[in-house]
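Accompanying notes for the structure given below.
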Amino acid sequence: SQELEQSPQSLIVQEGKNLTINCTSSKTLYGLYWYKQKYGEGLIFLMMLQKGGEEKSHEKITAKLDEKKQQSSLHITASQPSHAGIYLCGADNPGTYKYIFGTGTRLKVLA
Amino acid sequence: GAVVSQHPSWVICKSGTSVKIECRSLDFQATTMFWYRQFPKQSLMLMATSNEGSKATYEQGVEKDKFLINHASLTLSTLTVTSAHPEDSSFYICSASNRGIGYGYTFGSGTRLTVV
C-alpha cells in the first residue's frame, strides 16, 4: 500500500526564518495535496499539485511536485507564528481509490 | 464549492455506550466517503472507505465490529463507535468524494470524541 513519509517530523524555527517540509511517496504520485491543521480542528487546504514540475504559491507558501522523485516540498518564506501547526500532505491512489495522509510535520514558530 | 458537514463537532460519552457521528455532503452526491482517526501529535490515519450502497472496506487493524460504518445514501455516511472506551477518545474526521463528477476530497470539520 502507498505510504507518504514527511520530514522533518517536527520543526521549531525563529520567526522570520525560511523552512522546507518534504513529503515522499512510496509509489507514483498522481496528485499531491497540502493541508495545515491544528489537532482537534479541521483541515485547511493549502494547495494541490497535479503535474510533475508544477509549482504553486500562496502568500508566503510555495509547493512543488517532483513526480520522478515521487516527492513534494512545501517552503515557507519568512515564517510567522501564524504558520504554526501541523502540516499534512495527502494523496490519492487511482488504483485503490484510497486517500491517505503523510506522517505529518509539526511546526512551531518562535516569536 | 463542495461542503461536507460533520456532526457533532465534539461529544463526551460514558464508557460502554455507543456514539454516532454523521457526515453529510450538502451540495453534491458522494459516491465514496472516507473516515479517519487522529491521535494527539499524530497524523490522520485512514480507518475505512465506504461506497454508497456497499459494505465499508476497513484498513488493517481497525475493528469492524467496533467502528460501524454505514453509507446508506449518496449524501450521508455514519460512523458508530460501539461500546466506547477511553482509548477510543480521538479526533475523527470524514471526507466525501465523487471523482466521476469532478468532486475531489472535501473534508468535514471533525469530531472530537472523549470517552470518560
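Rule-based calculations on the coordinates, nothing more; no lab input. Computed from a predicted model, the values in this text were never measured in an experiment. Don't worry about glycine lacking a Cβ; one is built from the backbone with ideal geometry, like all the others, and counts go over all protein chains shown.
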Item to check | Likely footprinting exposure, A:L88, B:L46, fewest C-beta neighbours within 10 Å first | outcome: B:L46, A:L88
Next on the checklist: Nothing charged except the Cβ atoms of Lys and Arg (+1) and of Asp and Glu (-1): what's the magnitude of the dipole of the stretch B:26-116 about its Cα centre? Round to the nearest 20 debye.
Outcome noted: 120 debye
Next on the checklist: Suppose every Lys and Arg Cβ carries +1 and every Asp and Glu Cβ carries -1, with no other charges. What dipole size does the protein assembly as shown come out with about its Cα centre, to the nearest 20 debye?
Outcome noted: 240 debye
Next on the checklist: Which of A:L19, B:L26, B:L44 has the fewest other C-beta atoms within 10 Å, and how do the rest follow up to the most?
Outcome noted: B:L26, A:L19, B:L44
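What shape does the stretch B:25-65 have by the C-alpha gyration tensor, where a ≥ b ≥ c are the square roots of the eigenvalues, rounded means a/c under 1.5, and otherwise prolate means a/b greater than b/c and oblate the rest? Don't skip to the end; give the middle numbers.
Values: a/c = 3.53, a/b = 1.40, b/c = 2.51.
Here the stretch B:25-65 falls in the oblate category.
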Checklist entry - Scattering from the C-alpha atoms of the protein assembly as shown alone, worked out with Debye: what is log10 I(q)/I(0) at q = 0.08, 0.10, 0.15 1/Å? => result -0.29, -0.46, -1.00
Checklist entry - Give me the Kirkwood hydrodynamic radius of the stretch B:42-116 in Å, from all C-alpha pairs, to one decimal place? => result 13.5 Å
Checklist outcome for this item: Cys in chain B lacking any partner Cβ under 4.7 Å -> B:C13
Item to check | Point-charge dipole on Cβ atoms (K/R +1, D/E -1) for chain A, about Cα centre, debye to 20 | outcome: 100 debye
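Checking a compactness column here: for the stretch A:1-59, what do you get for Rg(Cα) / (2.2 N^0.38 Å), N being the number of residues?
Working: Rg = 13.2 Å, N = 59, 2.2 N^0.38 = 10.4 Å.
Compared with the compact-globule rule of thumb, the stretch A:1-59 sits at 1.28.
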Item to check | Once the Cα gyration tensor of chain A is diagonalised, semi-axes √(5λ) in Å | outcome: 23, 15, 12
Item to check | Convex hull projection area averaged over all views, the stretch B:73-116, Cα basis, nm² | outcome: 3.8 nm²
Checklist entry - Taking neighbour counts of Cβ atoms within 10 Å as a proxy for exposure, in what order, fewest first, do A:K68, B:K20 appear? => result A:K68, B:K20
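What is the average number of partner chain Cβ atoms found within 10 Å of a Cβ in A:76-88?
Across A:76-88, the average partner-chain Cβ count within 10 Å equals 1.
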